[in-house]
Amino acid sequence: MTQLILSLLLVMITCNTISVSYPSGAPISACQTMKPQHDGVYPKPKPAPYMMKINSSSYRNGGAIQVQILGPPYKGILLQARTYSKTTPYGTWLEPPINTKILPCPENPLGSITHSNTNLKGKSTTYIWIAPNTSCPDVLFFIATVVQSFDVYWLGVRSAIIYNDQKATCSITETPGQTDLLSASSRMAWQPALHSFICLQLVLFFVQRHFLL
């Protein structure tokens with residue numbers, strides 16, 4: 001019985017550790033809320049010790065804008081371009097800088113960027129955003145969740161507004177390959193459920209093994 005209890009405790013601790021922290025990037029379930037989903041941990045009050053630096057106050061479809069997070073070094077990030085009253089990320093991110101990766105959110109599989117590990121990032125980390133070719137809002141802004149540690153993070157770190165350049169022209173056709181990318185991101189959305197299923201199977205395995213011995 002003691003061996004069974006120890007085995008179950010080990011499985012539960014391992015599963016819980018994986019489920020309450022995301023050292024390799026934000027989960028897809030955070031795409032809209034931008035919350036890290038660290039159990040029992042709440043965002044720190046504003047103002048955050050961070051600000052965003054961007055190299056343009058306007059955008060044209062297909063144009064590039066550089067984004068930097070200024071402030072203390074940070075470990076985690078979830079970064080998007082949004083407009084008011086919507087949670088859909090706009091545009092796409094170019095090749096992610098070191099220690100970061102693309103988060104394939106269902107609404108826009110190339111429109112969010114997150115950390116790939118807990119290595120420190122800083123003002124030298126430059127994110128390059130490419131403006132959309134379709135559905136260009138009049139105004140956009142960059143918004144981020146910045147994580148210093150498991151229990152220290154800030155929501156809603158925003159940039160200044162960027163305006164849609166009057167000379168910009170936006171197509172109304174669908175971006176090639178968008179459907180395939182959405183399918184891939186939908187498959188990835190099953191990962192949290194798969195993780196829970198595997199943990200449950202491990203618990204059942206140890207229980208059955210104990211009674212069969």
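The values are calculated or read from the model by the stated rules, or taken from the named source; none is laboratory data. Keep in mind that this is a model prediction, so the values were computed, not measured. Because the Cβ atoms are built from the backbone with ideal geometry, glycine has one as well, and the counts that use them run over all protein chains shown. Side chains included, ligands, DNA and RNA excluded: accessible areas come from the protein's heavy atoms. Shrake-Rupley method; radii C 1.70, N 1.55, O 1.52, S 1.80 Å.
Could you give every pair whose Cβ atoms fall below 9 Å, whose first residue belongs to segment 130-144 and is part of a strand (DSSP E or B), and whose second residue is of a type in the set (Asp, Glu), counting only separations of at least 6 or pairs across chains?
Hits for this filter: Thr134/Glu174.
Could you check segment 147-163 and list, in sequence order, the residues that are modelled with pLDDT under 95 and more than 16 Å from the chain's Cα centre (by Cα)?
Pass one, segment 147-163, residues modelled with pLDDT under 95: 149-151.
Passing the criteria: only Asp151.
Spot the failing condition for Gly177; the list is (1) at pLDDT 95 or above; (2) open to solvent by less than 70 Å² (accessible area, probe 1.4 Å); (3) closer than 24 Å to Ile28 by Cβ, and only one is missed.
(1)
Tell me which of these Glu107 doesn't satisfy, since it passes every other one: (1) at pLDDT 95 or above; (2) under 14 Å from the mean Cα position of the chain (by Cα).
Result: Glu107 passes all but (1).
Which of the residues belonging to segment 108-124 are among the β-branched types (Val, Ile, Thr) and either free of Cβ contacts under 8 Å to residues at least 40 places away in the same chain or part of a strand (DSSP E or B) (or both)? First the steps, then the outcome.
Going through segment 108-124, the residues among the β-branched types (Val, Ile, Thr) turn out to be 113-114, 118.
Across segment 108-124, the qualifying residues are Ile113, Thr114.
In the set Val147, Val67, which member is closer than 17 Å to Lys35 by Cβ, in contact (Cβ under 8 Å) with a residue 24 or more places away in the chain and either hydrophobic (A, V, I, L, M, F, W, C) or open to solvent by less than 10 Å² (accessible area, probe 1.4 Å) (or both)? Can you show your working first?
On the way: Val67 fails: closer than 17 Å to Lys35 by Cβ.
It is Val147.
Please work out which residue is most open to solvent (accessible area, probe 1.4 Å), limiting yourself to segment 27-61 and to residues that are in contact with a helix residue (DSSP H, G or I) (Cβ under 8 Å, 6 or more places away or on another chain) and at negative phi.
If we take residues in segment 27-61 being in contact with a helix residue (DSSP H, G or I) (Cβ under 8 Å, 6 or more places away or on another chain) and at negative phi, then Asp39 is most open to solvent (accessible area, probe 1.4 Å).
Just need a number here: residues in segment 70-96 that are in contact (Cβ under 8 Å) with a residue 60 or more places away in the chain and either part of a strand (DSSP E or B) or β-branched (Val, Ile, Thr) (or both).
Within segment 70-96, residues that are in contact (Cβ under 8 Å) with a residue 60 or more places away in the chain and either part of a strand (DSSP E or B) or β-branched (Val, Ile, Thr) (or both) number 8.
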